[in-house]
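**Student:** What follows is a structure written as structure tokens; I'll ask about it next.
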Amino acid sequence: MVVLALIVLVVVLDQAAKWWAWRHLLWTRINPGGDALVGRTIGAWYAGPVTGPLLDLLDCGLVGIAVSVLARCRAPAAVRVPAALMTGGWASNLLDRLGIHCWTAPGSVRGVVDFIHLGPHYYNFADFFIIGCTSLFVLAAGYQGIRAVWRPAAAGSVPQT
């Protein structure tokens, strides 16, 4: 339940911020596809009239699998919380591409609403959840993995009497 609540919290916060920004900030933009991380080629695929919706359907399946795994896994909270926040960010941006942008940014083209201007790039709250929580998730999962590998070795190195 906590995982689902965190995902919903991120989606609601991000969508409300996008709704507000579209109406009150002059520099708000619609990102039709991609960013510096994925490059121009993949960005063009997401912006395409056929490839974009197909990739969105694929992403919908991947986010659904991630939510299902998170809801069922028994990982420690240090792993599940950043994973849930990261997944909430992906879900919110995906909802924009699937049509929520018609509510948050009426009259806009299909894409994600970006309104936080940093340098030459534009972001939204979901992007920060994705960027920050992915790092935390990788660190926490890596730590748990290393800990699991070393625990049996440490227990086996104790001399038995």
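The values are calculated or read from the model by the stated rules, or taken from the named source; none is laboratory data. Just so we're clear, the structure is a prediction, and the values are computed from it rather than from any experiment. So basically every Cβ, Gly included, is an ideal-geometry build from the backbone, and we count neighbours across all protein chains shown.
So that you can scan it fast, the table gives a plain yes or no per residue for (1) part of a strand (DSSP E or B); (2) at pLDDT below 85:
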{"residue": "L58", "(1), (2)": "no, no"}
{"residue": "S68", "(1), (2)": "no, no"}
{"residue": "P82", "(1), (2)": "no, no"}
{"residue": "G99", "(1), (2)": "no, yes"}
{"residue": "H117", "(1), (2)": "yes, no"}
{"residue": "T134", "(1), (2)": "no, no"}
{"residue": "R147", "(1), (2)": "no, no"}
{"residue": "A155", "(1), (2)": "no, yes"}
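**Student:** Of all residues in the stretch 45-60 being of a type in the set (G, A, S) and in contact with a helix residue (DSSP H, G or I) (Cβ under 9 Å, 6 or more places away or on another chain), which is surrounded by the fewest Cβ atoms within 10 Å (Cβ to Cβ)?
**Tutor:** G48
**Student:** In the stretch 70-104, what residues are farther than 17 Å from G33 by Cβ, of a type in the set (D, E, K, R) and surrounded by 19 or more Cβ atoms within 10 Å (Cβ to Cβ)?
**Tutor:** R80, the sole residue that qualifies.
**Student:** When you go through (1) touching a residue at least 60 places away in the same chain (Cβ under 8 Å); (2) surrounded by fewer than 14 Cβ atoms within 10 Å (Cβ to Cβ); (3) of a type in the set (S, T, N, Q) one by one for S135, which number turns out not to apply?
**Tutor:** Here S135 clears every test but (1).
**Student:** Quick one: in the stretch 105-114, which of the residues that are on the phi < 0 side of the Ramachandran plot and in contact with a Gly (Cβ under 9 Å, 6 or more places away or on another chain) is surrounded by the fewest Cβ atoms within 10 Å (Cβ to Cβ)?
**Tutor:** This residue is R110.
**Student:** OK, next. Can you pull out the residues in the stretch 22-39 that are surrounded by 12 or more Cβ atoms within 10 Å (Cβ to Cβ) and either under 18 Å from L98 (Cα atoms) or modelled with pLDDT under 80 (or both)?
**Tutor:** Correct list: W22, R29, I30, N31, P32, G33, G34, D35, V38.
**Student:** I'd like to verify a number: residues in the stretch 84-97 that are under 17 Å from G142 (Cα atoms) and either touching a strand residue (DSSP E or B) at 6+ places or on another chain (Cβ under 6 Å) or outside any helix (DSSP H, G or I) (or both), how many?
**Tutor:** 0
**Student:** Of all residues in the stretch 101-114 being under 19 Å from the mean Cα position of the chain (by Cα) and within 10 Å of N31 (Cα to Cα), which is modelled with the lowest pLDDT?
**Tutor:** The residue in question is R110.
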